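**Q** Here it is, the structure, as structure tokens.
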Amino acid sequence: MTGQDLDPRIHITQLGNNAQTASRQLRAASTEAKNTALREAAKALREATSELIDANAKDVESVRGKKPDSFIDRLMLDEGRIEGMAKALEEIAELPDPVGRVLATFERPNGLHIERIAVPIGVIGMIYESRPNVGADASALCLKSGNAVILRGGSESRHSTRKIVACMQAGLEAANLPVEAVQTVQTTSREAVAELLRAVGLVDLVIPRGGRGLVELVRDQAKVPTLLHLDGNCHSYIHEAADLEKAVAVTKNAKLRRTGICGATESVVVDEAIAEKAIPMLLDAMPDCEFRGDATAVGIDARVKPATEEDFDTEFLDKIASIKVVPGLEQGIEWVASHTSGHTDAILTEDEGAARAFLTAIDSAVVMHNASTQFSDGGEFGMGAEIGIATGKMHARGPVGLEQLCSFKYVVKGDGQTRP
């Protein structure tokens, strides 16, 4: 039976049942066994490099000419990116095991000893779009945190995803852990996504990672709990007290290092007091970036194209950025707060008071001072990797790593106490 012949409801039920069984075994797995699985999976990825590149070439060819270069960049694998995936697995193996951590201890007057203990969530449904390495990162983080995972990558990356999952399962098998701890949806049918979102009792949490359309679909249709990762309309605000050379260098990196990632700056905000100097410096430093600005920015430099209102709320994922000139700090904070998607926003200034005001007032998952927004990443935060950047306000915010993939339970120890 081919993937397209599978009945989505039956298929998701089978995957869910397998994952539930695997999660119970994984919950009790030793740290040593989980680390062995990760290291063996890294070894399998390296050994399968040529096969992975061949599988990925099929995926890339299927969208060439149909998708923009930024999409193809996210989709593409080469030896360097495969080595990066393998290293990420090894780095996660070196991290402390989050399962079983004692989060709090209480001694009650009646003699009860109560502990709050970190435990796995259970079965994670991971729905993502074009980046195949998300499958490896998500699998590794779920494995180390004791969770089983069902991957549903974009149809464009299906060949790459299946090969990555095979490598992860090879690692699990080598460590005598259930291979069903990492599974992938074998059909590209969209109905399978709907079934995954309705799999109450089989899936404990769904995490979407992709564009606004995917995330809103999950938010609106899910019957199981979700951890949302919205788009990254990230801002770099150049305050009047900025060191302009530093600020321009940081903004260039924040925008152009990799335009297709969610931590890329999409909107530059500039204080009016330094705009006459800062805007030409920005354009000189980024000649291949198209800037779309307000009337003030256009008046300062003719290379800036007039922006539409929509441009200021757009995640371009390309060499395009909006630019807004504001009278000062208060208006800069108000502008960012009104237009951010809640992912990552930065202020560039040498004024500690201004920085503190911005970092306090902007309620995004990640706020930065004098640093590129592209540092908003689990690996850069020392988490080994991330399953996404959570932009909501419950359970987890910012890069979601091992600790955020755990819940907790209370363990109560007594000596015959009864409640009056």
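The values are calculated or read from the model by the stated rules, or taken from the named source; none is laboratory data. Being a predicted model, the structure only gives us computed values, none of them experimental. So basically every Cβ, Gly included, is an ideal-geometry build from the backbone, and we count neighbours across all protein chains shown. These area figures cover heavy atoms from the full protein model, side chains too; ligands, DNA and RNA do not enter into them. Shrake-Rupley method; radii C 1.70, N 1.55, O 1.52, S 1.80 Å.
**Q** Evaluate segment 392-403: report whether one residue or more is open to solvent by 30 Å² or more (accessible area, probe 1.4 Å) and at pLDDT 90 or above.
**A** Yes, because at least one residue in segment 392-403 is open to solvent by 30 Å² or more (accessible area, probe 1.4 Å) and at pLDDT 90 or above.
**Q** Is it the case that residue 306 is farther than 17 Å from residue 348 by Cβ and not β-branched (Val, Ile, Thr)? Break it down into steps so the answer makes sense when it comes.
**A** Details: farther than 17 Å from residue 348 by Cβ: yes; not β-branched (Val, Ile, Thr): yes.
Against the criterion (farther than 17 Å from residue 348 by Cβ and not β-branched (Val, Ile, Thr)), residue 306 qualifies.
**Q** In segment 396-420, what count of residues is obtained for those that are farther than 22 Å from residue 343 by Cα and outside any loop (DSSP other than H, G, I, E, B)?
**A** Just the residues of segment 396-420 that are farther than 22 Å from residue 343 by Cα, to begin with: 407-420.
Restricting the remaining residues to those that are outside any loop (DSSP other than H, G, I, E, B) gives 407-413.
Number satisfying all stated conditions: 7.
**Q** Taking segment 221-261 as the search range and keeping residues that are without any contact (Cβ under 8 Å) to a residue 40 or more places away in the chain and charged (D, E, K, R), which one is least open to solvent (accessible area, probe 1.4 Å)?
**A** Taking segment 221-261 and keeping what is without any contact (Cβ under 8 Å) to a residue 40 or more places away in the chain, we get 221-223, 225-226, 244-245, 248-249, 252.
Those still in the list that are charged (D, E, K, R) too: 223, 245, 252.
Numbers: 223: 146, 245: 146, 252: 89 Å².
Result: 252.
**Q** Go over the candidates 365, 295 one by one and state the one that is small (Gly, Ala, Ser), surrounded by fewer than 19 Cβ atoms within 10 Å (Cβ to Cβ) and free of Cβ contacts under 8 Å to residues at least 40 places away in the same chain.
**A** Values: 365 fails: surrounded by fewer than 19 Cβ atoms within 10 Å (Cβ to Cβ).
Just one listed residue meets the conditions, 295.
**Q** State yes or no: is residue 271 closer than 15 Å to residue 322 by Cα, touching a residue at least 60 places away in the same chain (Cβ under 8 Å), buried (at least 18 other Cβ atoms within 10 Å of the Cβ) and not aliphatic (A, V, I, L, M)? Lay out the reasoning, then the answer.
**A** Details: closer than 15 Å to residue 322 by Cα: yes; touching a residue at least 60 places away in the same chain (Cβ under 8 Å): yes; buried (at least 18 other Cβ atoms within 10 Å of the Cβ): yes; not aliphatic (A, V, I, L, M): yes.
Judged against the criteria, residue 271 is a match.
**Q** For residue 308, which of the numbered conditions (1) surrounded by 15 or more Cβ atoms within 10 Å (Cβ to Cβ); (2) at pLDDT 95 or above; (3) of a type in the set (Val, Ile, Thr) fails to hold?
**A** (1)
**Q** Looking at segment 156-182, which of its residues are surrounded by fewer than 23 Cβ atoms within 10 Å (Cβ to Cβ) and among the polar types (S, T, N, Q)?
**A** Those that are surrounded by fewer than 23 Cβ atoms within 10 Å (Cβ to Cβ) and among the polar types (S, T, N, Q): 169, 176.
**Q** Moving to a separate point now. If you scan segment 120-156, which residues turn out to be of a type in the set (S, T, N, Q), closer than 22 Å to residue 81 by Cα and either without any contact (Cβ under 8 Å) to a residue 40 or more places away in the chain or touching a Leu at 6+ places or on another chain (Cβ under 6 Å) (or both)? Can you show your working first?
**A** Going through segment 120-156, the residues of a type in the set (S, T, N, Q) turn out to be 130, 133, 139, 145, 147, 155.
From what is left, the residues that are closer than 22 Å to residue 81 by Cα are 130, 133, 139, 155.
Across segment 120-156, the qualifying residues are 130, 155.
**Q** Does segment 322-335 contain at least one residue that is without any contact (Cβ under 8 Å) to a residue 60 or more places away in the chain, within 24 Å of the chain's Cα centre (by Cα) and closer than 30 Å to residue 405 by Cα?
**A** So far as segment 322-335 goes, no, none of its residues is without any contact (Cβ under 8 Å) to a residue 60 or more places away in the chain, within 24 Å of the chain's Cα centre (by Cα) and closer than 30 Å to residue 405 by Cα.
**Q** Next up: Go through 266, 315 for me and flag whichever is open to solvent by less than 50 Å² (accessible area, probe 1.4 Å) and touching a Phe, Trp or Tyr at 6+ places or on another chain (Cβ under 8 Å).
**A** Details: 315 fails: touching a Phe, Trp or Tyr at 6+ places or on another chain (Cβ under 8 Å).
Result of the check over 266, 315: 266.
**Q** A further question on this structure: Would you pick out the residues in segment 175-194 that are of a type in the set (D, E, K, R) and either closer than 20 Å to residue 394 by Cβ or modelled with pLDDT of 95 or more (or both)?
**A** Of all residues in segment 175-194, those of a type in the set (D, E, K, R) come to 180, 190-191.
Answer for segment 175-194, where residues must be of a type in the set (D, E, K, R) and either closer than 20 Å to residue 394 by Cβ or modelled with pLDDT of 95 or more (or both): just 180.
**Q** May I ask you to say which residue of 147, 133 is surrounded by 17 or more Cβ atoms within 10 Å (Cβ to Cβ), in contact with a Pro (Cβ under 6 Å, 6 or more places away or on another chain) and farther than 30 Å from residue 417 by Cβ?
**A** Working: 133 fails: in contact with a Pro (Cβ under 6 Å, 6 or more places away or on another chain).
Going through 147, 133 in turn, just one is surrounded by 17 or more Cβ atoms within 10 Å (Cβ to Cβ), in contact with a Pro (Cβ under 6 Å, 6 or more places away or on another chain) and farther than 30 Å from residue 417 by Cβ: 147.
**Q** When the residues of segment 211-220 are filtered to those that are within 29 Å of residue 21 (Cα to Cα) and open to solvent by 20 Å² or more (accessible area, probe 1.4 Å), which remaining residue is modelled with the highest pLDDT?
**A** Taking segment 211-220 and keeping what is within 29 Å of residue 21 (Cα to Cα), we get 214-215, 217-220.
With the extra rule that they be open to solvent by 20 Å² or more (accessible area, probe 1.4 Å), the set shrinks to 214, 217, 219-220.
Working: 214: 81, 217: 86, 219: 86, 220: 89.
The qualifying residue modelled with the highest pLDDT is 220.
Yes/no matrix, rows are residues, columns are (1) among the polar types (S, T, N, Q); (2) open to solvent by 20 Å² or more (accessible area, probe 1.4 Å); (3) at negative phi:
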position: 45; (1), (2), (3): no, no, yes
position: 66; (1), (2), (3): no, yes, yes
position: 72; (1), (2), (3): no, no, yes
position: 84; (1), (2), (3): no, yes, yes
position: 122; (1), (2), (3): no, no, no
position: 129; (1), (2), (3): no, yes, yes
